[in-house]
1. Can you tell me which condition residue 57 does not meet? The list is (1) in a helix (DSSP H, G or I); (2) more than 17 Å from residue 1 (Cα to Cα); (3) out of contact with any Asp or Glu (no Cβ under 7 Å at 6 or more places or on another chain), and all the others hold.
2. Quick check on my filter: what residues within the range 1-26 are outside any helix (DSSP H, G or I) and either touching a residue at least 40 places away in the same chain (Cβ under 8 Å) or surrounded by fewer than 13 Cβ atoms within 10 Å (Cβ to Cβ) (or both)?
3. Tell me, yes or no, whether the range 27-41 has at least one residue that is aromatic (Phe, Trp, Tyr), free of Cβ contacts under 8 Å to residues at least 24 places away in the same chain and within 17 Å of residue 3 (Cβ to Cβ).
4. Would you please list the contacts, defined by Cβ atoms under 7 Å and residues six or more apart or on different chains, that run from a residue in the range 56-73 that is at negative phi and modelled with pLDDT of 95 or more to a residue that is crowded, with 18+ Cβ neighbours inside 10 Å and of a type in the set (Asp, Glu)?
5. Do you know which residues across the range 6-49 are at pLDDT 95 or above, within 24 Å of residue 76 (Cα to Cα) and among the hydroxyl-bearing types (Ser, Thr, Tyr)?
6. Filtering the range 27-46 down to residues that are assigned to a loop (DSSP other than H, G, I, E, B) and of a type outside the set (Val, Ile, Thr), which residue is nearest to residue 61 (Cα to Cα)?
7. Those residues that are under 13 Å from the mean Cα position of the chain (by Cα) and crowded, with 17+ Cβ neighbours inside 10 Å, I need them from the range 41-61; list them, please.
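The values are calculated or read from the model by the stated rules, or taken from the named source; none is laboratory data. Fair warning: this is a prediction, and the values are worked out from it, not measured in the lab. Cβ coordinates were reconstructed from backbone atoms using ideal geometry, including for glycine residues, and neighbour counts include every protein chain displayed.
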Amino acid sequence: MELIIGSQNKSDQTRIRRFINQFEIIWHTEADTKLAFNLLLTHKLSNGLSIPDCLIAATAIQRDFTLYTFNLKHFRIIANLDAKSPY
């Protein structure tokens, strides 16, 4: 969804959809949403963690995935999340 938000026109959306179709989409579960809510309660006031960041972190934690991101500042504060820069 973040990529689609960045699209400027229908051509951009088509190009992005082709790119996205190369990957398996992992949809949030109820357990992901509950964990995201708890992360928001824990980190919103102290660190400004956003709803999308909470959902991303919860999804990675629930599946024991490493999260590769350039936004390590927001994700380093989350316990049990393996977050790394992609390069």
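1. (2)
2. Once the filter is applied, which keeps residues that are outside any helix (DSSP H, G or I) and either touching a residue at least 40 places away in the same chain (Cβ under 8 Å) or surrounded by fewer than 13 Cβ atoms within 10 Å (Cβ to Cβ) (or both), the range 1-26 yields 1, 6, 8, 9, 21, 22, 23, 24, 25, 26.
3. So far as the range 27-41 goes, yes, one or more of its residues are aromatic (Phe, Trp, Tyr), free of Cβ contacts under 8 Å to residues at least 24 places away in the same chain and within 17 Å of residue 3 (Cβ to Cβ).
4. Pairs found: 58/32; 59/32; 62/32.
5. If the condition is that a residue be at pLDDT 95 or above, within 24 Å of residue 76 (Cα to Cα) and among the hydroxyl-bearing types (Ser, Thr, Tyr), then 29, 33, 42 are the ones that fit.
6. 28
7. 49, 53, 54, 55, 56, 57, 58, 59, 60, 61
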